[in-house]
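All remarks here apply to the structure that follows.
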Amino acid sequence: MRPKVVAGNWKMNGDQAFSRDYIKSFKASWDSYSLKQYSGLSVFIIPPAILIPGVQACIDDSDLDVLVAGQNVAGYESGAYTGEISASMLHDFSCKAALVGHSERRALFGDTDNIVIDKVKQLLARGLGPILCLGESLEEREQGLAERVVKAQLEVVLDTLEVSECALLSLAYEPVWAIGTGKTATPEEAQAMHEFIRQIVADKSVELAEEIVILYGGSVNSANADSLFRQKDIDGALVGGASLKPDEFAEICHLCGRS
Ligand code: 13P
């Protein structure tokens, strides 16, 4: 049985007061949904880097079984890289994972495939799990290129890794046209792409394909999450906007946990 994972990407939102209020409310919702009952469910909160220590402290204080991850990581180990945050720094602040190749980083900050590979390697070297984001733009989908784009984004990373290195790797399919737009892929569209992605992984290792967690992201909310989670190759969600509301995020975790 693959684990189920729900990750809340706050993107560039929140501050210290928000973090405190958020964790307090999330703890209340966590208890009311009895999220502890879902032993196969892992929940990640992914705040902006500067908020990570504060969020982690609030999680520790409220005895929540929630993990913290980074939104990004440097593709270098250490040194003269002003403004960057290394995998060992994330590790030092108890992060267990980080997003890599999010479409916003690819589109706005020049994260190329080669940079994505460097970031994945830095995380793996520190024992952190890369959550590798994949997804096509609307234009690419309309031109019938969705599968080709996603395959290329995935294979370029898989080709650089040994199967044994992939144990900590997870994937997130986030069609760019569904991010922050209120448009979700239908459960069938999402399932078809997840199955396709799992098949690409199977071409490398059938065992790895069985084990690898593939999240769906793009306008996931408490109203559409259930039908997505019912799809056999969707193992959870990477949630943006809806993760900023702790009660809604907890409901999505509940829907995933019971699926
Ligand atoms: P939204 O849920 O706001 O569409 O964002 C998805 C996303 O990009 C998560 O990483």
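Here are a few things to note about the model shown:
- Among the criteria (1) of a type outside the set (Lys, Arg); (2) assigned to a loop (DSSP other than H, G, I, E, B); (3) more than 16 Å from the chain's Cα centre (by Cα), the one Val149 does not fulfil is (2).
- Test for Lys4: is it within 14 Å of the ligand (Cβ to nearest atom) and closer than 20 Å to Ile252 by Cβ: no
Matching residues to (1) among the aromatic types (Phe, Trp, Tyr); (2) more than 14 Å from the chain's Cα centre (by Cα); (3) not in a loop (DSSP other than H, G, I, E, B):
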site	(1), (2), (3)
Leu51	no, yes, yes
Ile59	no, yes, yes
Asn72	no, no, no
Ser78	no, yes, no
Val116	no, yes, yes
Lys119	no, yes, yes
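- Some residue of region 71-78 being open to solvent by 30 Å² or more (accessible area, probe 1.4 Å), without any contact (Cβ under 8 Å) to a residue 40 or more places away in the chain and over 19 Å from Leu215 (Cβ atoms): yes
- Pairs where the first residue, in region 201-220, is more than 18 Å from Gly129 (Cα to Cα) and assigned to a helix (DSSP H, G or I) and the second is open to solvent by less than 30 Å² (accessible area, probe 1.4 Å) and modelled with pLDDT of 95 or more, C-beta under 6 Å, 6+ apart: Ala202/Ala209; Lys204/Leu158
- Single residue of region 173-192 satisfying the filter (at pLDDT 95 or above, open to solvent by less than 50 Å² (accessible area, probe 1.4 Å) and not aliphatic (A, V, I, L, M)) that is nearest to the ligand (Cβ to nearest atom): Glu174
- Residue, surrounded by the fewest Cβ atoms within 10 Å (Cβ to Cβ), within region 120-147, restricted to residues that are in contact with a helix residue (DSSP H, G or I) (Cβ under 8 Å, 6 or more places away or on another chain) and of a type in the set (D, E, K, R): Glu147
- Flag if Val68 is open to solvent by less than 30 Å² (accessible area, probe 1.4 Å), within 16 Å of the ligand (Cβ to nearest atom), free of Cβ contacts under 8 Å to residues at least 60 places away in the same chain and not charged (D, E, K, R): yes
- Annotation note: of Glu195, Glu248, the sole residue that is of a type outside the set (Gly, Ala, Ser), open to solvent by 10 Å² or more (accessible area, probe 1.4 Å) and more than 13 Å from the ligand (Cβ to nearest atom) is Glu195.
The values are calculated or read from the model by the stated rules, or taken from the named source; none is laboratory data. Worth saying up front: this structure is predicted, and the values here are computed from it rather than measured. No Cβ is skipped: glycine too gets one built from the backbone with ideal geometry, and neighbour counts run over all protein chains shown. SASA here: full protein model, heavy atoms, side chains in, ligands and nucleic acids out. Shrake-Rupley method; radii C 1.70, N 1.55, O 1.52, S 1.80 Å.
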